[in-house]
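Participant: Please find one structure pasted underneath; my questions will follow.
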Amino acid sequence: MNTPIIRKVNLSGVFQPLAAERTVGTFTIRNPSADNAVLLCDDGVTELPMDRSQQFTLEGVDLSHIQAKGGLGDFLMVTGATRTV
């Protein structure tokens, strides 16, 4: 069964996954307020800065494999739906 996801992810100064456990689906990751949100690319080295109001829609991803960091009080919004794997 597909489950809708609407999640506010509070950021810290170190990279952390967007989900604590395997969560696979199609999601939009939006940066509504953070001035310095950064996503960690799958190579584990390359950092991708996200500007304010920037968003990405990703299909068939596992949120527990996507890591982000930011400043104190910064957050990302994650919306979408899981899918049966």
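Participant: For segment 17-26, name all the residues that are within 14 Å of V78 (Cα to Cα) and either in a strand (DSSP E or B) or in contact with a strand residue (DSSP E or B) (Cβ under 9 Å, 6 or more places away or on another chain) (or both).
Facilitator: P17, L18, A19, T23, V24, G25, T26
Participant: Check segment 43-61 and report whether any residue there is touching a residue at least 40 places away in the same chain (Cβ under 8 Å) and part of a loop (DSSP other than H, G, I, E, B).
Facilitator: Checking segment 43-61: not a single residue is touching a residue at least 40 places away in the same chain (Cβ under 8 Å) and part of a loop (DSSP other than H, G, I, E, B).
Participant: Residues that are touching a Pro at 6+ places or on another chain (Cβ under 8 Å), at pLDDT 90 or above and open to solvent by less than 60 Å² (accessible area, probe 1.4 Å): does segment 43-64 have at least one?
Facilitator: Yes, segment 43-64 contains at least one residue that is touching a Pro at 6+ places or on another chain (Cβ under 8 Å), at pLDDT 90 or above and open to solvent by less than 60 Å² (accessible area, probe 1.4 Å).
Participant: Which residue, of I29, I6, is open to solvent by 90 Å² or more (accessible area, probe 1.4 Å), at pLDDT 95 or above and either assigned to a strand (DSSP E or B) or at negative phi (or both)? It would help to see each step written out before you state the result.
Facilitator: Values: I29 fails: open to solvent by 90 Å² or more (accessible area, probe 1.4 Å).
Only one candidate passes the filter, namely I6.
Participant: So which residues in segment 76-85 are more than 13 Å from T26 (Cβ to Cβ) and surrounded by 18 or more Cβ atoms within 10 Å (Cβ to Cβ)? Don't jump to the end; show me each part of the working.
Facilitator: As a first pass, look at segment 76-85 and keep what is more than 13 Å from T26 (Cβ to Cβ): 76-77.
The answer is L76, and nothing else.
Participant: Got a number for residues in segment 9-25 being surrounded by 16 or more Cβ atoms within 10 Å (Cβ to Cβ) and either over 13 Å from A68 (Cα atoms) or in contact with a helix residue (DSSP H, G or I) (Cβ under 8 Å, 6 or more places away or on another chain) (or both)?
Facilitator: Residues in segment 9-25 being surrounded by 16 or more Cβ atoms within 10 Å (Cβ to Cβ) and either over 13 Å from A68 (Cα atoms) or in contact with a helix residue (DSSP H, G or I) (Cβ under 8 Å, 6 or more places away or on another chain) (or both): 6 in total.
Participant: Still on this structure, I have one more. Identify the residue in segment 32-42 that is assigned to a loop (DSSP other than H, G, I, E, B) and open to solvent by less than 90 Å² (accessible area, probe 1.4 Å) and, among all such residues, is farthest from R83 (Cα to Cα).
Facilitator: N36
The values are calculated or read from the model by the stated rules, or taken from the named source; none is laboratory data. Since this is a predicted model, take the numbers as computed values, not measurements. Positions of Cβ are backbone-derived with ideal geometry, glycine not excepted, and every protein chain shown enters the neighbour counts. Quick note on the areas: whole protein, heavy atoms, side chains included, nothing else; ligands and nucleic acids left out. Shrake-Rupley method; radii C 1.70, N 1.55, O 1.52, S 1.80 Å.
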